[in-house]
Amino acid sequence: MSTSAEAAWGITHLRHVALACSAFDECLDYYAGPWGLRPLGDSDGQTAVLRGTGAEHHVLELHRADRNGIDHISLGLADDRSVDEAAAGLAGRGVTLLSEPAELDRPGAGYGFRIADPEGRIVELAARTQAVSALPDDATPAKIAHVVLNTADIEALCDWWCDVLGFRVSDWSERQMVFLRCNADHHSIAFNRSEWASLNHVAYEVPSLDAYMTSLGRLARAGHAVGWGPGRHGPGNNAFGYFVDPAGTVPEVTAEVQQVDEATWVPRTWPRTPELSDRWGTAGPPSPEMRQHMAGSPE
Ligand SMILES: [Fe+2]
């Protein structure tokens, strides 16, 4: 049997993240306000759908809930045939399909199906989602840059996402974090070694370093001071600014994510030194409070 890495289908990008949210109204105001996303249609009070300036139909869904964490992660496939081949290939490897390939009765529509990863995260794989009109390329998020997930078994999760879903390891941060890519972006998914499976943070990419600083300023003027940053990471070389949303979940503003040449890239292990973790020397380490928010709640 071939592995997914050899198969015809391949994940093209991170489409959107859906969050279960215990502070739904406050988070909708936050993400549609100073965070800079645009709500699509009116919320029904249970679900809100927000887009960025990029081509993706939406980048964030908020689902009213009594918990905080991931509802699902949506990954892109190129076309209907890739969806069918992915579903057959994954089922052939023993992955349970939570839904069979079908037209999606969801915001953005499309054609896709769902699986769960070994720690129970729901992953949607979909193609042919609805187009949205162009927006100005301003100082607000264009797309989801990456999702970082806490895991109690980083080696097993890394192997599964690579062997089964076709992600590639870009770098390790000692044996604490691993950064996985599905396209030229240095990472779209990363795992952080933890005591339990939970959401660590979601990063939203803005188009330039100037847009990044403008975003930090817009949030600061709205009363949301950056919690960790500004700084530039070692692995991925991206500028970072971490915040805490009204539900206690951590979003990140990022820019200038390193682009990887698939043919020549060699993964490295980054020592977790101050110089390599905080290249500008401006951020220092995250506070105990920020670490606590990043630890999330067990799912
Ligand atoms: Fe990040």
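Near the amide H of Gly69, within less than 5 Å, lie the amide hydrogens of Ala20, all on another chain or at least 5 residues away, with H placed in the peptide plane.
May I ask for the Kirkwood hydrodynamic radius of the chain, worked out over all distinct Cα pairs and given in angstroms to one decimal? One over the average 1/r among Cα pairs gives 19.3 Å for the chain.
Sorted largest first, the principal axis extents computed over the alpha-carbon atoms of the range 29-174 equal 42, 39, 33 Å.
How would Thr47, Thr269 line up by accessible area, probe 1.4 Å, largest first?
Result, largest first: Thr269, Thr47.
By DSSP, the beta bridges lying fully in the range 143-295 are antiparallel in about 65 percent of cases. By a 1.4 Å probe calculation restricted to protein chains, Asp105 has an accessible surface near 150 Å², given to the nearest 10.
Among Arg193, Arg51, the order of accessible area from largest down is Arg193, Arg51, computed with a 1.4 Å probe on protein heavy atoms.
With a 1.4 Å probe and every protein chain left in place, work out the accessible area per residue of the chain in Å², rounded to a whole number. Per residue, the chain has 41 Å² of solvent-accessible surface. Over the range 208-299, the reciprocal of the mean inverse Cα-Cα separation, the Kirkwood hydrodynamic radius, stands at 14.4 Å. Once the Cα-Cα distance is subtracted from the 0.36 nm per residue extended length, the Ser297 to Ser133 segment shows a gain of 55.4 nm. Spin-label model, Asn183 to Ala91: label points 7 Å out along the Cα-to-beta-carbon direction sit 2.8 nm apart. Working from Cα pairs under 8 Å separated by at least six residues, relative contact order for the chain is 18 percent. For the chain, the antiparallel share of DSSP beta bridges with both residues in that region comes to about 70%.
Between the range 76-151 and the range 210-258, the alpha-carbon centres lie 26 Å apart. Considering only Gly36, Gly54, Gly281, the mean-square fluctuation computed in a Gaussian network model of the chain, springs between alpha carbons under 10 angstrom, is largest for Gly281. Calculated [222 nm] ellipticity per residue, helices only, for the chain: -5500 deg cm²/dmol; basis is -39500 (n - 2.57) per DSSP H run with n ≥ 4, divided by all residues, nearest 500.
The values are calculated or read from the model by the stated rules, or taken from the named source; none is laboratory data. Predicted model only: the values in this text are computed from it and were never measured. Note that we place each Cβ from the backbone using ideal geometry, even for glycine, and neighbour counts take in every protein chain shown. We work out accessible area using only protein heavy atoms, side chains counted, and drop any ligands, DNA or RNA first. Shrake-Rupley method; radii C 1.70, N 1.55, O 1.52, S 1.80 Å.
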